[in-house]
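The values are calculated or read from the model by the stated rules, or taken from the named source; none is laboratory data. Since we're looking at a predicted model, the values are computed, not measured. Neighbour counts are summed over all protein chains in view; Cβ atoms, including those assigned to glycine, are modelled from backbone coordinates with ideal geometry. Quick note on the areas: whole protein, heavy atoms, side chains included, nothing else; ligands and nucleic acids left out. Shrake-Rupley method; radii C 1.70, N 1.55, O 1.52, S 1.80 Å.
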Amino acid sequence: MQSLTLVDVAPRDGIQNEKLMLSSAQKLELIRRLAQAGLRWIEVASFASPKWVPQMADAEEVFRATARIPDIRPIVLVLNDRGYDRAVAAGARYIRLVVAATDTMNRKNANASPEETMNSYKPIFERARGDGVELTGAIATSFGCPFEGPVDPAQVLSLAARFVEAGAAEVDFADTVGMAVPPQIERILLRARQEFPGTRIGIHLHNTRNVGLANAYAAVRGGADVLDASTGGAGGCPFAPRATGNIPMDDLVFMLEGMGIATGVDLDALVATSRWFEELLQRPLPAMLPKAGPCWKTPPPLA
Ligand code: ZN
């Protein structure tokens, strides 16, 4: 059976663009509920500047408190060495570094060209070895940029190669504003598998144009090791206009379990968490499964 690791990004990507500010206790309760539903890899915070991402201002407090939740891998996002310092000081051991594939998007994210950002990460990779930190690399706008349009896969793969050469344990291709279609996902996975054997390959999807779950299917068929989603389908990027939520973890788990891919997630518990999360955010979330309800306990046999 194919092994696929799910990462729930609701506590980071899911809420960073919400107008309603969640308290640290509410964020922690979300993480605790996700863990209880069976999600093990959880993106819990971003150590970004509170000036630009105010929703993540309490990253230290939230991260430290996750130590009390057993059996999870709390992952954090970092965009520069200041963020790395904060994350490591708080005790983070799994850190995602981010670069955007296009110049305009990376300047919005990090006020630097992608090349400058990659150069600034070199010393971080050296320090991470001594700090016992696992670094992974995420490439935003891998399939399309809200400012520059379609993105050349060669450009994306060259950034991925830089991450792999530096020692990243995983490279994630992110469809930040939902511009990808399934063949793009399959092809980048095929190329990445060939070029980076031994590195985990992840796909991070947004459902901006309603092709998210089809892209997730393509990611599974293409042999992705890691797939990001957000419970309820909350989310959006503060630096990208009209960005909408991640693919809903609820709907994704339903599809995967139905395909015979064990996720370890309890669908009923996940749906309950999603409904609770929706009440917390005081707005309807896009996930469909909590509305329709799971229609089986055990996945139907495949003919
Ligand atoms: Zn995202």
message = Quick check: Cα centre of the stretch 214-291 to Cα centre of the stretch 1-61, how many Å?
response = 14
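As a test, work out the antiparallel percent of DSSP beta bridges whose residues both lie in the stretch 5-291, rounded to the nearest 5.
5
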task = Rank 229, 284, 79 by how far each Cα sits towards the positive end of the charge dipole of the chain (+1 on Lys, Arg Cβ; -1 on Asp, Glu Cβ) and give me just the farthest.
result = 284
task = Figure the gain on full extension for residue 187 and residue 292 (residue separation times 0.36 nm, minus the Cα-Cα span) and round it to one decimal in nm.
result = 34.5 nm
task = Would you mind finding the longest exposed-site-free stretch of the chain, with exposed trypsin sites (Lys or Arg not before Pro) meaning DSSP loop and at most 12 other Cβ atoms within 10 Å?
result = 69-241
key: Heavy-atom surface of the chain, accessible at 1.4 Å and reported per residue (Å²)   = 42
ask   = So what are the three principal axis dimensions of the chain from its Cα atoms, in whole Å, longest to shortest?
value = 50, 42, 36
For the stretch 1-88: relative contact order, % (alpha-carbon pairs under 8 angstrom, 6 or more apart) = 32
Protection proxy ranking of 256-267, 142-153 - average other beta-carbon atoms within 10 Å, highest first = 142-153, 256-267
request  = List the lysines whose Cα lies under 30 Å from the Cα of residue 297, skipping any in the same chain that are fewer than 8 positions away.
outcome  = 27
inquiry  = Tell me the relative contact order for the chain as a rounded percent, counting alpha carbon contacts under 8 Å between residues six or more apart.
reply    = 19
remark   = A correct Karplus calculation of ³J(HN,Hα) over the stretch 210-217, with 6.51 cos²θ - 1.76 cosθ + 1.60, θ = phi - 60°, whole Hz and x for Gly and Pro, returns 6, 10, x, 6, 5, 5, 5, 4
inquiry  = Once you place label points 7 Å from the Cα toward the Cβ at residue 85 and residue 4, how far apart are they in nm?
reply    = 4.1
task = Determine the dipole magnitude for the stretch 5-291: charges of +1 sit on the beta-carbon of Lys and Arg, -1 on that of Asp and Glu, nothing else is charged, the reference point is the Cα centre, and the result goes in debye to the nearest 20.
result = 240
Helix-only mean residue ellipticity at 222 nm for the chain, each DSSP H run of n ≥ 4 adding -39500 (n - 2.57), per residue, nearest 500 = -12500 deg cm²/dmol
Per-residue HN-Hα couplings for the stretch 102-119 [Karplus 6.51, -1.76, 1.60; θ = phi - 60°; Hz; x = Gly/Pro] = 10, 4, 5, 5, 5, 5, 5, 6, 9, 6, 7, 6, x, 4, 5, 5, 4, 5
key: Value of Rg to Rh for the stretch 1-46 (Rh from inverse mean 1/r over Cα pairs, i.e. Kirkwood)   = 1.04
remark   = Of the accessible area of the chain, computed with a 1.4 Å probe and all protein chains kept, carbon and sulfur make up a percent value of 53
request  = Enumerate the aspartates and glutamates that residue 108 could reach by cross-link, defined here as Cα to Cα under 13 Å, with residues fewer than 8 away along the same chain left out.
outcome  = 148
inquiry  = For the stretch 35-119, report the % of Cα-Cα distances exceeding 16 Å.
reply    = 54
Whole-Hz couplings from phi, Karplus 6.51/-1.76/1.60, listed for the stretch 49-62; x for Gly and Pro = 5, x, 5, 8, 10, x, 4, 9, 4, 9, 3, 4, 4, 5
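Percent relative contact order of the stretch 246-303, based on C-alpha pairs within less than 8 angstrom and at least six residues apart?
45
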